[in-house]
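For reference, the structure is listed below as structure tokens.
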Amino acid sequence: MGSGTESAAEELKGHIVIRDLCKGFVDKDGHREDVIDACSVEFEPGRLNVVMGQSGCGKSTLAYLLAGYVKADRGSIEIDGRPVAGPGPDRVMVFQETALWPWMTVTDNVVFGPLVRNEISGAEARQKAEVLLERFGLIDFKDKYPDQLSGGMKRRAEIAQALINSPDIMILDEPFRGLDVMTRELLQEYYLQLFEDTRLTTLFITSELEEALFLADRIYVMEEAPNNIRQALDIDLARPRSFEVTATERYLELKQQAMNLLYADSEITE
Amino acid sequence: MSDATTTSRVAPRKRRIPRIRWRGAASIASFFVLWHLAVVTGISGFAELPTPVATLRAFFAEYITDAGYWHSWLVSFKRVLYGFIIAQIFGIPLGLLFGTSRRFRDLFFPVFELLRPIPPLAWVPISILFWPTNESSIVFITFIGAFFVIVINVYDGVGSIRNEHLWLARSMGASRLSIFRRIMLPSVIPSIAVGMTLGIAITWNVVIAAEMIASDSGLGRMTWEGYVSSTPEVVLIGMISIGLAGFLSSLTVDWIERRMMPWQRNR
């Protein structure tokens, strides 16, 4: 699995091993549909793993299973050798639509995790939160309510809210969807920089190829059950990356390869 | 000269005189004019009624200083307040229980749904039989008026809590109790507010009718007595008073709701 960095990999947390995972839902008519079927895949720690696929292919379900919000029908998910049994602060999720609690100020949203676990005092938590908010350019908005923030600010607040828990894994489920292009690119750079500073194991779900290529160490192509994740593509673009990377020849090659993977099975019908 | 230039740079303060809404004012004025004309020309049905001016005159001459009149206000307000508050005290927890406990819902929701379609006023006779005093039976009917709306709204509110909001709290390691207190309760506050808005309107509806049927005091009774004693001014003063009382109650409830939801203030 490692590419010559075994010693570094040892101290990295968040090695995700998924074996024979199955999850189906039963609709109103009692008809059962498998969203994830016998899916086995491994996400390496300290890497920015991107899962790509069209909507409805079960990307979110995979994220919910990993986060522990829903239970698998069969199979297992292990993180650093321990099976996932319910949600926990070691893997925090940033959702498609903002999940900030609207009745709490930005600071209260951020300090919620450490305070609810009684880890540190209120003053300490506040201090920690302010450091994070400062870093994410939100310090002037710390006493605002989420609905007073722009879409991009909400996303940054949510990342701060997740990071304060010092998670081993960040799960981001199409986090920048619905934002305008400029905000989106800015946030991609934000997250990229954060990742390159911390090497925080990430599962990043997206349906945008450019986003995937720009961020990923590896792109996993997800399709509908029963062949959920069969293919992956290593994105060997040098880090730290900047948007200039998108103009390189290697980027364009990878993009071509990725498109071939993504559209290999889809038939264009007229 | 220099003074003039410095002051001119400062933007003129906006004067806080609300712009009069001419259409609205015209609408209200023409209502009273038409009422007056209808009475004066004796259009059928209006012949018995006093003109707006006569009503106003009666109000200022006889009612504004009359202790009995203000007592009617007090009595009705008390009934609405008690019924409304008791409905909140029982209704909010019940709605929460229906929303959170499947077992509780399975056991008691059918009974609730059985009773819910019965209009509050249909409870009047049994209420009088059941409760020891007249006052308590009227408060009970008012309570019924607000209770079902509040329960249903809170119950709906629990159902519409976003999964993400609960999940995120679980990810953070929140206990069931803190999830309930910090996530579920605030989530249903907007629904409680809707229940309160609807509830206060219904309580006024109900209390007036209940007073007409089963009480010897209150604004509803006063209005009814105006009819019985063939003094239409009293009927009109009663109606206007009731409208005003309902309006004031709604304003108060609005004010409380805004304080319950500070995060919605600067939308």
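Since every read-out is calculated from the coordinates, none of them should be taken as a lab result. Quantities reported herein were computed from a predicted structural model and do not represent experimental measurements. Glycine also receives a Cβ, built like all others from the backbone with ideal geometry; neighbour counts cover every protein chain displayed.
Summary table below
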quantity	calculated
Mean-position separation - Cα centroids, the stretch B:244-267 and the stretch B:15-90, in angstrom	22
The stretch B:85-100 - phi-based ³J(HN,Hα) in whole Hz, Karplus 6.51/-1.76/1.60, Gly and Pro as x	5, 5, 4, 5, 4, 8, x, 5, x, 5, x, 5, 5, 4, x, 9
Dipole magnitude of the stretch A:92-166, debye to nearest 20 (Cβ charges: Lys/Arg +1, Asp/Glu -1, about Cα centre)	120
Calculated from backbone phi, Karplus (6.51, -1.76, 1.60) coupling profile of the stretch B:180-188 in Hz, x at Gly/Pro	4, 6, 9, 10, 5, 4, x, 4, 8
Rounded to 5, percent antiparallel among DSSP beta bridges of chain A	55
The stretch A:146-223 - percent relative contact order, Cα under 8 Å, separation 6 or more	34
Check: the stretch B:93-156 dipole with +1 on Lys, Arg Cβ and -1 on Asp, Glu Cβ, in debye	200
Trypsin sites (Lys or Arg not before Pro) restricted to the stretch A:47-148 and DSSP loop, no more than 13 other C-beta within 10 Å	A:K71
Computed FRET value (nearest 0.05) for A:K13 with B:R102, which takes r as the C-beta separation and R₀ as 45 Å	0.75
The protein assembly as shown: projected area of the alpha-carbon convex hull, averaged over directions, in nm²	42.0
Neighbour-count ranking [beta-carbon atoms within 10 angstrom, fewest first] of A:L12, A:L172, A:L138	A:L12, A:L138, A:L172
For chain B, size of Cβ-based charge dipole, Lys and Arg +1, Asp and Glu -1, in debye	1800
Share, in percent, of DSSP beta bridges within the protein assembly as shown that are antiparallel, nearest 5	55
Part-to-part distance (alpha-carbon centres) for the stretch B:127-177 and the stretch A:79-134, which is given in Å	30
Nitroxide proxy distance, nm - points 7 Å out along Cα→Cβ at A:R230 and B:Y227	7.8
Label-to-label distance, nm, for residues given as B:F130 and A:K255 (7 Å Cα→Cβ offset)	7.2
Integer Hz, Karplus 6.51/-1.76/1.60 couplings in order for the stretch A:211-225, x for Gly and Pro	4, 4, 5, 5, 8, 6, 7, 8, 9, 9, 8, 9, 10, 5, 4
Helix-only [θ]222 nm of the protein assembly as shown, DSSP H runs n ≥ 4, -39500 (n - 2.57) each, per residue, nearest 500	-17500 deg cm²/dmol
Lys/Arg +1, Asp/Glu -1 at C-beta; the protein assembly as shown dipole; positive extreme among A:T201, B:F112, B:A193	B:A193
Percentage relative contact order, chain A, counting C-alpha pairs under 8 Å, at least six apart	25
